[in-house]
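*Asks:* Just passing along the structure, written as structure tokens.
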Amino acid sequence: MAMTNVQEMSMDGEQPPAEYIVKESRFGSIDSSPPLADEIPIIDISLFSPSSPQYSEQAENHELQKLRSALSSAGCFQVSIFFFLATGHGISDSLLDQVREAAKQFFALPVEEKEKYSRTIDGGFEGYGNDVIVSDKQVLDWSYRLILKVFPQDQRKRHLWPQIPNDFGEMLHEYATKIKLMMGLVFKAMAKSLNLEEKSFATQLLGDQSLMQARFNFYPPCSRSDLVLGVKPHTDRSGVTCLLQDKDVEGLQVLIDGKWVRVPIVPHAIVLNLGDQMQIMSNGIYKSPMHRVVTNGESMRLSVALFNEPDPETEIGPVEDLIDETRPRLYKNVKNYGCINYECYQRGEIALETVKI
């Protein structure tokens, strides 16, 4: 099926083709308006930095408790960039708006212009396109993506980076660099919340060869939003995913205690959700949440995700200090978990279950 068809069909109001229609699912039916999640807090991560004007040991401990509670239940939280600006290397709301605008401009380009950046057969996951077909039984997502490796910097495929808008490359580099700085604080706080040495997670997730991939997502409107999903239920392959949501259109849902809930829009905030590799490293204490994206019957939706993960050649496993008689090792050590996760996702399987002991 040609990549143009999804967008054309969404404009014409046609019935989605069979390969996009979500059939019976172990994760429940599509519901565009479940309750808003109140288990997903906004956390002031500036309180994890002693250089912050708001810092105090009492305030930090309070925020660490919120962090541990959120990540051991919902597996995600929101970071308001206004809080983080106090540390001196925060992310301005104007930069967040610039990132969203770049996504909007790229996906508004004519099809032939976007296809200049298309994923190639031998090019892996990077580039413009929709689902890679790995199974004749898979259900296709009602979305397009532009996937780009940002770090390590020497692995960037610059021929896949759009020239429109003309400051795209500069913008993405600045945004990803600031996110990486932010994640340095977050990984230390996550370790501290589990009474671990501060570098327990950062060593694997922020090394010179650790990966950061950007994924720009475009979800066209769909006249039958009750039949299709923008992204199927899945858990992320990453250590931590940083998601910049659309400012106006909801769509992200998280499965908490067996029920889908909507993730609220906080316009100048970033959603941080854990990926499978962090659940493995925390020996199951922290959760990698099952989540999905629903479509909208009238409006398009955009989002931008940055995936932080270890070098594929780095073997990851539960941190030794989190293994004891009361909590035995839950997962095997693995390499290149991202590949395992992606193939399981397309087959409708849960990747974490394949690496359990």
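All of the numbers you see were taken from the coordinates with simple rules; none came from a lab. Every value quoted in this text rests on a predicted model; they were computed, and no experiment measured them. Glycine also receives a Cβ, built like all others from the backbone with ideal geometry; neighbour counts cover every protein chain displayed.
*Asks:* In sequence order, what are the phi-derived ³J(HN,Hα) couplings for segment 248-260 according to the Karplus relation 6.51 cos²θ - 1.76 cosθ + 1.60 with θ = phi - 60°, rounded to whole Hz, with x for glycine and proline?
*Replies:* Each residue's phi maps through the Karplus curve to give 10, 10, 6, x, 6, 10, 10, 8, 10, 6, x, 10, 6 Hz.
*Asks:* If you don't mind, there's one more thing I want to ask. Please enumerate, by chain and number, the aspartates and glutamates with C-alpha under 18 Å from the C-alpha of LYS356, excluding those fewer than 8 residues away in the same chain.
*Replies:* Excluding near neighbours in sequence, the set is ASP236, ASP276, GLU315, GLU320, ASP324, GLU325, GLU343.
*Asks:* Take GLU19, GLU250, GLU57 and order them by how many other Cβ atoms sit within 10 Å, fewest up front.
*Replies:* Fewest-to-most ranking of GLU19, GLU250, GLU57: GLU57, GLU19, GLU250.
*Asks:* Further, regarding this structure: With the contact rule set at Cα under 8 Å and sequence spacing of 6 or more, what percent relative contact order holds for the chain?
*Replies:* 21
*Asks:* Please report the net charge: other residues with Cβ closer than 9 Å to the Cβ of ILE285, K and R +1, D and E -1.
*Replies:* Charge balance in the 9 Å sphere: +3.
*Asks:* What's the local net charge at TYR55, with K and R +1, D and E -1, over the other residues with C-beta under 12 Å away?
*Replies:* -4
*Asks:* Please return the longest stretch of the chain lacking exposed loop sites, where trypsin sites (Lys or Arg not before Pro) count only if DSSP places them in a loop and at most 16 other Cβ atoms lie within 10 Å.
*Replies:* Longest gap between qualifying sites, sites excluded: 27-136.
*Asks:* Report the GluC sites (Glu not before Pro) located in segment 274-318 that are in a DSSP loop and have at most 10 other Cβ atoms inside 10 Å of their Cβ, or state none.
*Replies:* When the GluC sites (Glu not before Pro) of segment 274-318 are filtered for loop state and at most 10 Cβ neighbours within 10 Å, GLU298, GLU313 remain.
*Asks:* I've got another one for you. If Lys and Arg each add +1 and Asp and Glu each add -1, what is the summed charge of the other residues whose beta carbon sits under 14 Å from the beta carbon of LYS192?
*Replies:* In short, -2.
*Asks:* Mind checking which of GLY317, LEU243, PHE201 is farthest towards the positive end of segment 4-354's charge dipole, using Cβ charges of +1 (Lys, Arg) and -1 (Asp, Glu) about the Cα centre?
*Replies:* Farthest towards the positive end: GLY317.
*Asks:* Hey, another quick one. For a 24 Å ceiling on Cα separation, which of these pairs sit above it: LYS287/LYS335; LYS66/LYS180; LYS259/LYS287; LYS180/LYS335; LYS104/LYS178; LYS188/LYS247?
*Replies:* From the list (LYS287/LYS335; LYS66/LYS180; LYS259/LYS287; LYS180/LYS335; LYS104/LYS178; LYS188/LYS247), the Cα-Cα distance tops 24 Å for LYS188/LYS247.
*Asks:* Specify the inter-centroid distance of segment 21-70 and segment 192-216, based on alpha-carbon positions, in whole Å.
*Replies:* 18
*Asks:* If the only charges are +1 at each Lys and Arg Cβ and -1 at each Asp and Glu Cβ, what is the size of the charge dipole of segment 243-309 around the Cα centre, to the nearest 20 debye?
*Replies:* In debye, rounded to 20, segment 243-309 gives about 120.
*Asks:* Also, quick follow-up: Once phi is turned into θ = phi - 60°, what whole-Hz ³J(HN,Hα) does the Karplus curve with 6.51, -1.76 and 1.60 give for every residue of segment 161-169, x standing for Gly and Pro?
*Replies:* For segment 161-169, the Karplus-derived couplings read 7, x, 8, 10, x, 6, 9, 4, x Hz, x marking Gly and Pro.
*Asks:* Near LYS192, which aspartates and glutamates are there with a Cα under 14 Å away, not counting those fewer than 8 places off in the same chain?
*Replies:* Output for LYS192: GLU57, GLU60, GLU63, ASP321.
*Asks:* Check which residues have an amide H placed less than 5 Å from ASN283's amide H, if you skip close sequence neighbours.
*Replies:* VAL319
*Asks:* To the nearest 20 Debye, how big is the dipole of the chain about its Cα centre, given +1 on the beta carbon of each Lys and Arg and -1 on that of each Asp and Glu?
*Replies:* In debye, rounded to 20, the chain gives about 280.
*Asks:* In whole angstrom, and with the biggest value first, how far do the Cα coordinates of the chain range along each principal axis?
*Replies:* Principal extents (largest minus smallest coordinate, Cα): 57, 44, 41 Å.
*Asks:* Does segment 120-202 classify as rounded, prolate or oblate by the C-alpha gyration tensor (a ≥ b ≥ c root eigenvalues; a/c under 1.5 gives rounded; else a/b over b/c gives prolate, otherwise oblate)?
*Replies:* It comes out oblate by the Cα gyration axes.
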